[in-house]
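We did not get these values from a lab; they are worked out from the coordinates using the rules stated. Every value quoted in this text rests on a predicted model; they were computed, and no experiment measured them. Because the Cβ atoms are built from the backbone with ideal geometry, glycine has one as well, and the counts that use them run over all protein chains shown.
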Amino acid sequence: DPFGIHLSLKNLGIHSTNLGSSTGLTWLDSGASYFSSDSPADGQLIAQVQGASEDTYEAIISQASVAFEKWRLVPAPHRGEIVREIGNSLREVKADLGKLVSYEMGKSYQEGLGEVQEMIDICDFAVGLSRQLYGLTMHSERPGHRMYEQWHPLGIVGIISAFNFPVAVWSWNAALAWVCGDVCIWKPSEKAPLSGIACQYIVAKIFAKHGFPEGVSNLIIGDYRIGELISHDSRVPLVSATGSTRMGKLVGKAVGERLGRSLLELGGNNAIIITEHADLDMAIRGALFGAVGTAGQRCTTTRRLIIQANVYEEVKSRLATAYSKLVIGNPLDEKNHVGPLIDQDAVKNYLIAIERVKAEGGKAVVEGGVLAGSGFESGCYVKPAIYEAENHFEIVQHETFAPILYLIKYENLQEAIALQNGVPQGLSSAIMTTNMREAEAFLSVAGSDCGIANVNIGTSGAEIGGAFGGEKETGGGRESGSDSWKAYMRRQTNTINYSSQLPLAQGIKFDI
Ligand code: UN1
């Protein structure tokens, strides 16, 4: 164990048999089957984790409902205090949790640390927010009346998260939901259950220390069937789901049918426009991290480069040189830039995409392939690849969760913006330019149609302070910063009459 993984697991409180209880934490034995968590880094089985059954789901919902009755009565700034302690605990375990995320999911250790840092950041944000859940006051049209709005907790928030950010996306939702007075039921990806279990250990201790019931934070391990139970359950007023567009459509439909609220953060097909006025050193660096970071498995990964014809050849050859210097290997070894894909299915999808782009007429700039031999035994390591393509290719219109970058040539900026917008997804976008007119046109009402539009930085690596999410098939939801918290609360408009008359609004007369 050269990377100290067992030590990390121990420090995070994860032991070999967890049934029973630990501080503030009860494990329910569902009698259901087990999921294996294999590391894509070395192909080793890390643990087997029991999935939930319908009965355990019911038990968890009851526990959550009871906890909500208590938690909603705690003043919001005091709820913030608890989240502050969670943030502090995360600071203490940053190295261990970052390592577990890296080992279980396959992203580089640096990115594992970055993911835990996002959790710490959102906790800090939520602590401040706990004193800023502001409503507006309005001037009533009626004399002796006052109007205002207040925000109340919503209830149980269901969180369905994906393997690629196995802990941070949960924390964006949970930290906000908790200060808003909600309780959470979290279904992490069944591909990274241990990272979820580690988080549950971290937070359970803190809730228990302050005498809060366990049900404020609930974890439920399972596959899409648990996701279905959550989506159809009218006891869960908000379902926040991150993952594929296919999954999001199912969740959105189920939640919509019962007129619940869903917050969807789905696929992206993110592009960087590189204009002839770009600082090319910056553009190459931005494109490189955007395309190969997390082995192309971020929803914000750069999938398309839309390059002005005059700089196209130069960008192409400089990128090819940069790609030739990438070191692929175990994500825990800090000399490596690129780790593995999550599993063999992801490798299959990567290979299919490469076949398709070629069949549609794409040309390899940097050819892909699966790595074999010593260090690559898991079979999940692939070469980051670049293809020249056209935007209308069916495969280019599609999000493949792998490090495949498509190069597309353009002549004028209007055309570039149309290409950038010409996909079904609308998450993240960027322009590399030192020309103010180009930058502003890109950000204007007639510019990028995405939820995120950047100038002179890449498409990935958003800070938590902004609202995160996108339009079109990305699902329209916004998580983390700005006023995203409003999705986690219900708004109530209150009109108070302190006069001795009862005038009707709109001047209506109704006298007997
Ligand atoms: C995701 O891939 O689901 O902006 C989230 C980023 C990260 C979050 C990505 N802060 O790339």
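For the stretch 36-58, filtered to residues that are in contact with a Pro (Cβ under 6 Å, 6 or more places away or on another chain) and either of a type in the set (F, W, Y) or part of a strand (DSSP E or B) (or both), the residue that is farthest from I342 (Cα to Cα) is V49. The residues of the stretch 426-455 that are closer than 30 Å to C123 by Cβ and in contact with a helix residue (DSSP H, G or I) (Cβ under 6 Å, 6 or more places away or on another chain), listed by number, are S429, A453, V455. Condition check: surrounded by 15 or more Cβ atoms within 10 Å (Cβ to Cβ), more than 24 Å from the chain's Cα centre (by Cα) and more than 16 Å from the ligand (Cβ to nearest atom). Does E438 satisfy that? Considered against the rule, which asks whether it is surrounded by 15 or more Cβ atoms within 10 Å (Cβ to Cβ), more than 24 Å from the chain's Cα centre (by Cα) and more than 16 Å from the ligand (Cβ to nearest atom), E438 comes out as yes.
If you take the residues in the stretch 259-268 that are out of contact with any Asp or Glu (no Cβ under 8 Å at 6 or more places or on another chain) and closer than 21 Å to W186 by Cβ, which one is nearest to the ligand (Cβ to nearest atom)? Full working, then the answer.
Narrowing the stretch 259-268 to residues out of contact with any Asp or Glu (no Cβ under 8 Å at 6 or more places or on another chain): 259-262, 264.
Okay, now just the ones that are also closer than 21 Å to W186 by Cβ, so 260-262, 264.
Numbers: G260: 22, R261: 20, S262: 16, L264: 12 Å.
Across the stretch 259-268, the extreme among qualifying residues is L264.
Quick check on L280: is it within 19 Å of I452 (Cβ to Cβ), over 17 Å from the mean Cα position of the chain (by Cα) and not charged (D, E, K, R)? Taking the combined requirement at face value, the residue does not satisfy it. The criterion of at least 3 residues that are surrounded by fewer than 17 Cβ atoms within 10 Å (Cβ to Cβ) is met by the following helices (runs of 4 or more DSSP H) wholly inside the stretch 130-241: 224-232. A single member of A320, A295 is out of contact with any Asp or Glu (no Cβ under 7 Å at 6 or more places or on another chain), touching a residue at least 60 places away in the same chain (Cβ under 8 Å) and closer than 23 Å to A453 by Cα, and it is A295. Those strands (runs of 3 or more DSSP E) of the stretch 394-512 in which at least 2 residues are under 30 Å from Y381 (Cα atoms) and either without any contact (Cβ under 8 Å) to a residue 24 or more places away in the chain or in contact with a Phe, Trp or Tyr (Cβ under 6 Å, 6 or more places away or on another chain) (or both), considering only elements entirely within it, cover 404-410. Please verify whether the stretch 21-33 includes one or more residues that are outside any helix (DSSP H, G or I) and without any contact (Cβ under 8 Å) to a residue 12 or more places away in the chain. Yes; the residues of the stretch 21-33 include at least one that is outside any helix (DSSP H, G or I) and without any contact (Cβ under 8 Å) to a residue 12 or more places away in the chain. Does any residue of the stretch 339-349 turn out to be within 16 Å of the ligand (Cβ to nearest atom), surrounded by 15 or more Cβ atoms within 10 Å (Cβ to Cβ), closer than 29 Å to N456 by Cβ and of a type outside the set (D, E)? Looking for residues that are within 16 Å of the ligand (Cβ to nearest atom), surrounded by 15 or more Cβ atoms within 10 Å (Cβ to Cβ), closer than 29 Å to N456 by Cβ and of a type outside the set (D, E), one finds at least one in the stretch 339-349, hence yes.
Of all residues in the stretch 362-381, those being out of contact with any Phe, Trp or Tyr (no Cβ under 6 Å at 6 or more places or on another chain), hydrophobic (A, V, I, L, M, F, W, C) and part of a loop (DSSP other than H, G, I, E, B) number 3.
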